[in-house]
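Below: the structure, in structure tokens.
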Amino acid sequence: MDQTTTARNLELQRQWYGAPLGELCRDLCALFGVTQSGLAEVLGISPAMLSLVMRGQRARIANPDAAARLSAALHLAHEVRAGSVPPDAVAGRLAEVRSSRTPGQDSLGAAVVPAAPPAETATGPGPEADLRFVRRLRELLTSASGAVDLLDAADLVAARHPGLAEILRTCGAGRTDDAVALVRRLTG
């Protein structure tokens, strides 16, 4: 891979995540006391794939489950630093991150097709529409700022605008299934 492509990938990572993924992942490893292989296991990707992303040979993690787990791990790191998650709870929370997956997909990221597609109801769109909306919203939020910056922004507005802070945290840097639940709660 040439240096131009690597530089472009690292710049994209700065735009999407607020810093190159190599820096963020090394920070997560140090904070959580895990190896790079251990972090790859939490994210549900191979150590080789994580290494490619960390070196800028890939701009992002393409697997939606793994990308959501990375966002959840970054959110957990923010909570640990803020003191809202005690150090002795980190292992359990990492296990939750490791076992999470994107609703509507199997453990390999393949779409799960329901026997009968959910119908639009009088209470609003079905679950697939909510999932599409959450994904579009997350793409919009992360195209403007990285997950760490979104969490910082949420902290800044939380006192005066707690609902907006919750949207930034959950839809911008949280687990996809939590974001879908939030959207359903706010629109349902």
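The values are calculated or read from the model by the stated rules, or taken from the named source; none is laboratory data. The model shown is predicted, which means the values in this text are computed figures rather than measured ones. Neighbour counts are summed over all protein chains in view; Cβ atoms, including those assigned to glycine, are modelled from backbone coordinates with ideal geometry. We work out accessible area using only protein heavy atoms, side chains counted, and drop any ligands, DNA or RNA first. Shrake-Rupley method; radii C 1.70, N 1.55, O 1.52, S 1.80 Å.
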remark   = Sorted on mean Cβ neighbours within 10 Å (highest first), peptides 128-140, 33-45 come out as 33-45, 128-140
message = Could you work out what % of the accessible surface of segment 147-188 is carbon and sulfur, using a 1.4 angstrom probe and leaving DNA, RNA and ligands out of the count?
response = 57 percent
task = Select from Arg175, Arg26, Arg69 the residue whose mean-square fluctuation is largest in a Gaussian network model of the chain (Cα-Cα springs shorter than 10 Å).
result = Arg26
remark   = Contour minus Cα-Cα span, Ala82 to Asp152, at 0.36 nm per residue, comes to 24.1 nm
query = For Rg and Dmax of the Cα atoms in Å, the listed values are [x] 18.0, 64; [y] 16.9, 54; [z] 20.0, 67; which was obtained by calculation from the structure presented?
reply = [y]
